[in-house]
Amino acid sequence: MSVSPLRSIKVRLTFWYAMTLAVILAVSALFSYHYFSHNLGKQVDRQVREIARTLEQHRIEEHRGSNILESCEHLQDMAHNYNWTAFLVLRDASLQVVCATDNLGGRELPFGPIARQQVRWLNEHMETLELEAGGRLRLLSFPLVSSERLAGVIQVAQELGPLQETIEELRLIYLVVGPFAIFWLCLGCWLLAERTIAPIIEVTDAAQGITADNLSRRLPSGNYQDELAQMVACLNQMLDRLEKSFRRIRQFSGDASHELRTPLTILRGETEVTLRWAKTPDEFRDMLRSNMEEIDRMERIIESLLTLAKSEVGELTLEMKELSLSDLVQELYLQSSLLCETKNIKVQLLLEVDQEIRIRGDELRLRQMFLNLISNGIKYTPENGHLEITLAMGNGYACVDITDSGIGIPAEHLPHIFDRFYRVDKARNRMDGGTGLGLAIVKWIAEAHGGSIKVASEINKGSTFSVCLPIDGPEEGKHPKTTILE
Ligand code: ADP
């Protein structure tokens, strides 16, 4: 499955990385450009103002406000001494030029009507002038005051050329370097995005290679300790579960078809032999009787399979009612005594309770469960053995133990005893008519009632199956696969 380039995470990541960085770059360039041009402008203003103030100070200290012409004598010297590059002009009270620095080469500094008006009001005036020859000039007209009257005017002008050049250079640098920076940024972001999603692509490729036939494969988690590693671990756990349930389904369908094929083969074999060789009605009757047994067996297997399948999808309902477990156990005891007669097995009932035990449950299912355990006990116990049914209570649970003195179950088989079609001695149990589904149904019934089942067994000594059921019935919502009718 391929992803359209525009939707690819790599493209989108690159785009957003690059966009974010480009915006940050542009904003910082604009900010620094404005900051520098503003600051450099302020620096020029400060310079010209400082020159004007120095000149004024000099006039006050040296000449104490006397004739402005006396200040004129020192103008050139001061410009030289202080290394001023600015143009200086001194005007008298009638605003006429009295002297100027040599760098003006005999020219005058402009003195417009607004500047004139301002100095007459004893205010300084700062302006920027466009020169005809090109370039710009920052010009300060500064009033010299004596006895609160205008004594003269100092004009200080500084060319903005070098400042403008610096700002132009800055702009040029940004314009030339900007696109380059953005190009390299995009490239860097592309490589970064590629590195970021490389493990995702690796995991996707590996996931695409996993099918029902190779479910044992796992996704590579690399050496990462991040969210991706967590996701891969999660997916691998999911694959573990899938593999297990696939294996179970395969095993189950294999077992089910095998179980059904065996009686069918017997049916066909017996029918063929009888059709070929049987002559008398008795021989045909025998064949039909034997066929009937196999049909019964198939019916039992199909019935049990259906019960289990329905229980899995929650189509099996439990009709919960209050019932007397004490009465049920006693009825089962009487029934089992009858069943045991043929094998001369002694049945005992032990009621380890001092009152009647009433529980909530589905009587039919509970009876089915206990009868299954009792008939197993009888089936796997040799003649003259004994069977014990015990009823006890504790911690809100009623427990029924069914103990036999039979052949027992080897320890290695105990963990699988409740699996479908699991038999300890496969050949023998089939001959006995067992389906291998009884205990799986027993477990379902116990758990659907909110209870549990366990088994303890010793070879040649016997087995005990213990079922514990909550007296109040199953907790609500705890068994979603069972429909409970109240
Ligand atoms: P089956 O119809 O074969 O009895 P179950 O599901 O009832 O199937 O039992 C599964 C297997 O567990 C049996 O095949 C048998 O090997 C073993 N088993 C069950 N109950 C007992 C018991 N009381 N004593 C010994 N083995 C038992």
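Taken together, the values in this text are just the output of simple stated rules run on the coordinates, not laboratory data. Nothing here was measured: the structure is a model prediction, and the numbers come from that model. Here the Cβ positions follow ideal geometry from the backbone for every residue, glycine too, while neighbour counts run over all protein chains shown.
Projecting the Cα atoms of GLY434, GLY473, HIS38 onto the dipole axis of the chain, where Lys and Arg carry +1 and Asp and Glu carry -1 at the beta carbon, places GLY434 farthest toward the positive end. For the chain, the spread of Cα coordinates along the three principal axes comes to 158, 63, 37 Å, biggest extent given first. In this structure, the amide hydrogen of ALA151, modeled 1.01 Å from its nitrogen in the peptide plane, lies closer than 5 angstrom to those of LEU144, VAL145, SER146, counting only residues at least 5 positions away or on a different chain. Our coupling estimate for the range 123-130, obtained by passing each phi through the Karplus curve with A = 6.51, B = -1.76, C = 1.60 and θ = phi - 60°, is 9, 7, 9, 10, 8, 10, 10, 8 Hz, Gly and Pro reported as x.
Report note on the peptides 146-152, 187-193, 467-473: ranked by the mean count of other C-beta atoms within 10 Å, highest first, their order is 467-473, 187-193, 146-152. Stretched out straight at 0.36 nm per residue, the stretch from LEU350 to ASN39 would grow longer than its current Cα-Cα span by 101.6 nm. 3J(HN,Hα) couplings calculated from phi for the range 352-369 with the Karplus curve 6.51 cos²θ - 1.76 cosθ + 1.60 (θ = phi - 60°) are, in sequence order, 8, 9, 9, 8, 5, 9, 10, 10, 9, x, 9, 4, 4, 5, 5, 4, 4, 5 Hz; Gly and Pro show x. Under 5 Å between amide hydrogens, built in the peptide plane, is the criterion, and for CYS99 it picks out LEU90 among residues at least 5 positions away or on other chains. Dipole magnitude for the range 348-404: about 280 debye, using +1 per Lys or Arg Cβ and -1 per Asp or Glu Cβ, origin at the Cα centre.
Starting from 0.36 nm per residue, how many nanometres of slack lie between GLU272 and HIS258 once their C-alpha separation is accounted for?
3.0 nm
Ellipticity at 222 nm from helices only: DSSP H runs of n ≥ 4 in the chain, each -39500 (n - 2.57), divided by the residue count, give -19000 deg cm²/dmol.
Taking all C-alpha pairs of the range 43-186, those more than 24 Å from each other amount to 37 percent.
Computed with the Debye formula from one identical point scatterer per Cα of the range 298-403, without solvent, the log10 of I(q)/I(0) at q = 0.10, 0.15 Å⁻¹ comes to -0.34, -0.74. Projecting label points 7 angstrom from Cα along Cα→Cβ for ASP226 and ILE114 puts them 6.0 nm apart. Estimated from the Cβ-Cβ distance and a Förster radius of 45 angstrom, the FRET efficiency linking VAL176 and LEU95 is about 0.40.
By the Cβ distance rule (another cysteine Cβ under 4.7 Å), the unpaired cysteines of the chain are CYS186, CYS189, CYS234, CYS340. What the Cβ-Cβ distance of GLN330 and MET292 gives, at R0 = 35 Å and to the nearest 0.05, is a FRET efficiency of 0.55. In whole percents, the pair-distance distribution calculated for the range 75-147 from its alpha-carbon pairs, binned every 5 Å from zero, is 3, 14, 24, 25, 21, 11, 2, 0, 0. Assuming charge only on the beta carbon of Lys and Arg (+1) and of Asp and Glu (-1), the dipole of the range 356-448 about its Cα centre is about 340 debye to the nearest 20. If R0 is taken as 22 Å, the Cβ-Cβ distance between ILE9 and ARG218 corresponds to a FRET efficiency of 0.40.
Stretching the chain fully between PHE246 and THR20 yields a gain of 76.5 nm (0.36 nm per residue, less the alpha carbon separation). Amide H contacts under 5 Å for GLY473: ARG360, restricted to partners 5 or more places along the chain or on a different chain, H placed in the peptide plane at 1.01 Å from N. Across the range 399-412, computed HN-Hα scalar couplings (Karplus, 6.51 cos²θ - 1.76 cosθ + 1.60, θ = phi - 60°) run 10, 10, 9, 10, 10, 10, 10, x, 6, x, 10, x, 3, 5 Hz from first to last residue, x flagging Gly and Pro. The alpha carbon centroids of the range 384-401 and the range 204-222 are separated by 49 Å.
Computed over the alpha-carbon atoms, the range 266-322 gives an Rg to Rh ratio of 1.32, Rh here being the Kirkwood radius from the mean inverse distance. Sorting the segments 399-407, 364-372, 281-289, 334-342 by their mean number of nearby beta carbons within 10 angstrom, highest to lowest, gives 399-407, 364-372, 334-342, 281-289. With a ≥ b ≥ c taken as the square roots of the eigenvalues of the C-alpha gyration tensor of the range 335-462, please select rounded if a/c is under 1.5 and otherwise prolate if a/b is larger than b/c or oblate if it is not? Oblate.
In the range 267-388, a dipole from Cβ-located charges (positive for Lys and Arg, negative for Asp and Glu) runs towards its positive end, and of SER375, THR280, LEU267 it is THR280 whose Cα lies farthest in that direction.
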